[in-house]
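Report on the following structure.
The values are calculated or read from the model by the stated rules, or taken from the named source; none is laboratory data. Note that the coordinates shown come from a computational prediction; the quantities given were computed from them, not determined experimentally. Neighbour counts are summed over all protein chains in view; Cβ atoms, including those assigned to glycine, are modelled from backbone coordinates with ideal geometry.
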Amino acid sequence: MDAKQGSKKKNPLLALILSVIFPGLGQIYNGQVLKGVVIAVVNVSINLLLIGPLERLIQSLNGASVDRATLIIVAGYTLAGTVILVYAALDAKRTADRINMEAT
């Protein structure tokens, strides 16, 4: 079901909250399943890529040395994840608002 096909009103706040909890859920709630799945896959991929560098960073707290590249990688993945989160949340809310406008 496409967002334009949704005749049922959507709760924009719920769409936003769902996407904050897990990016992509708000899109799925709005009926944009493919878009939601793509956002979720990108989000999970970023988080999986972040595991190794984060482990190295945590080990550095116990005295192991950490190089500048690891810090840059952690910062980059964190920024990318934050961008995905903010995009997904705002897009889900705007889409729910648009669905509601078209339903009236």
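Could you figure out which of (1) surrounded by 14 or more Cβ atoms within 10 Å (Cβ to Cβ); (2) touching a helix residue (DSSP H, G or I) at 6+ places or on another chain (Cβ under 9 Å); (3) at pLDDT 95 or above isn't true of Leu13?
Failing condition for Leu13: (1).
Out of region 60-104, which residues are of a type in the set (S, T, N, Q), over 21 Å from the mean Cα position of the chain (by Cα) and either under 17 Å from Phe22 (Cβ atoms) or surrounded by 13 or more Cβ atoms within 10 Å (Cβ to Cβ) (or both)? Can you show your working first?
If we filter region 60-104 for residues that are of a type in the set (S, T, N, Q), which is where we start, we get 60, 62, 65, 70, 78, 82, 95, 100, 104.
This time we only want the ones that are over 21 Å from the mean Cα position of the chain (by Cα), so: 60, 62, 65, 70, 100, 104.
If the condition is that a residue be of a type in the set (S, T, N, Q), over 21 Å from the mean Cα position of the chain (by Cα) and either under 17 Å from Phe22 (Cβ atoms) or surrounded by 13 or more Cβ atoms within 10 Å (Cβ to Cβ) (or both), then Ser60, Thr70, Asn100 are the ones that fit.
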